[in-house]
Amino acid sequence: MLAANFLLLSAVLFSIGVFGVLARRNAVLVLMSVELVLAAVMLNLVAFSTIVGTIDGQVFTLFVIGVAAAEVGVGLAMVLMVYRNRRSISLDELSEMKG
Amino acid sequence: MSGTIATVLAADGINVAKNVGFGIIAFAMIFAALCVVATKNVVHAALWLVVVLGGVAAQYILAAAEFVAISQVLVYIGAVTVLFLFGIMLTRARIGTDIGLFNSGWALGIPVAALLLGVVGWAVLDYTGDDVIANQAPTPTVLLSDAYLGPYLVPFLALSFVLLAAAIGAIVIARKD
């Protein structure tokens, strides 16, 4: 298997996730796109682990899985708080901090 | 024609079955990822995300990382998806087709993503070239546990504190008082 296969697949996933973050307005959908980006990064780490032939990439992948779980939990809690205060999770309405 | 291609691939030490499996899973993953960012139904987006994350787990198995694949299934398909579905239900998104899921300037995301894909793809092809991943046996889990309890012990403990802080923080943020 070519070494570029995994890396190109994860580049495609990363780009799709970036598009989702930029294009979506619903906060939960933006969080899902962030998950796509994180999945791409983890696939990259595992691919590097196989290319280099050491275990370190897999160790870091498991770290990323743990951190991503924490990120989703806190992110959804924040979305919930925003929804409770404003009855809406449209991100373009959260513009009080615009100068 | 395909016979000659198979001969050439086999001569290069490339596992044909592995490549075919990779291609099928990769196609399904890309299609599902496009559905995640394009569908008009929030619940469907969460379910398409399951397909992408399951495909990632399958790719881990192809990359000889079994333990990471099992962790991926447990954490993502088991926990994160349920969390997303709870988030969708608690914010009372409409279950059917929804309108207004896209920004007004959503089309700007397409050139940005295409440019990013071009740059990263060029860098990847420039870095790897024709490098071939050798066929390797599954990674023994004992190597991972040795890494965690050896050189990576301090980051491992730090991660456990991060998870604890995140859990407490999520409860504090989300509780009704």
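The separation of region B:100-126 from region B:146-165, counted between C-alpha centres, amounts to 35 Å. Our note on the geometry: Cα centres of region A:11-43 and region B:48-95, 14 Å apart. Extent of chain A along its three principal axes (Cα atoms, max minus min coordinate, largest first): 50, 24, 23 Å. With N counted as the residues of region B:51-96, its alpha-carbon radius of gyration over 2.2 N^0.38 Å works out to 1.43. In chain B, helical runs assigned H by DSSP with n ≥ 4 each contribute -39500 (n - 2.57); averaged across all residues and rounded to the nearest 500, the mean residue ellipticity at 222 nm is -22500 deg cm²/dmol. Per the Debye calculation on the protein assembly as shown with a single equal scatterer at every Cα and no solvent contribution, log₁₀ I(q)/I(0) for q = 0.08, 0.15 Å⁻¹ amounts to -0.37, -1.16. Between amide H atoms placed 1.01 Å from N, distances below 5 Å from B:Val132 occur with A:Ala3, all of them 5 or more places distant or on a separate chain. Could you give the DSSP H helices of chain B that reach 18 angstrom or more along their long axis (alpha carbon positions) and whose average Kyte-Doolittle hydropathy is no lower than 0.0? Sorted by number, the helices that extend far enough and score high enough are B:16-38, B:42-62, B:109-128, B:153-174. Site pair B:Ile70 and B:Ile110 shows an inter-label distance of 4.5 nm when each label is modelled 7 Å from Cα along Cα→Cβ. For A:Arg24, the residues whose modelled amide H falls within less than 5 Å of its own, excluding neighbours fewer than 5 places apart on the same chain, are B:Asn103. Coupling constants for region A:63-76 follow from the phi torsions by the Karplus curve (6.51 cos²θ - 1.76 cosθ + 1.60, θ = phi - 60°), and in residue order they are 4, 5, 4, x, 5, 5, 4, 4, 4, 5, x, 5, x, 5 Hz; glycine and proline get x. With bins 10 Å wide beginning at 0, the percent of Cα pairs of chain B falling in each bin runs 8, 20, 30, 27, 12, 2, 0, 0.
Altogether, the Stokes-Einstein calculation at 10 °C and 1.306 mPa s, with the Kirkwood radius of region B:59-155 over Cα pairs as Rh, returns a diffusion coefficient of 86 µm²/s.
Readers should treat all values here as calculations from the given coordinates under stated rules, not as data from a laboratory. None of the values given here were measured: they were computed from a predicted structure. Neighbour counts are summed over all protein chains in view; Cβ atoms, including those assigned to glycine, are modelled from backbone coordinates with ideal geometry.
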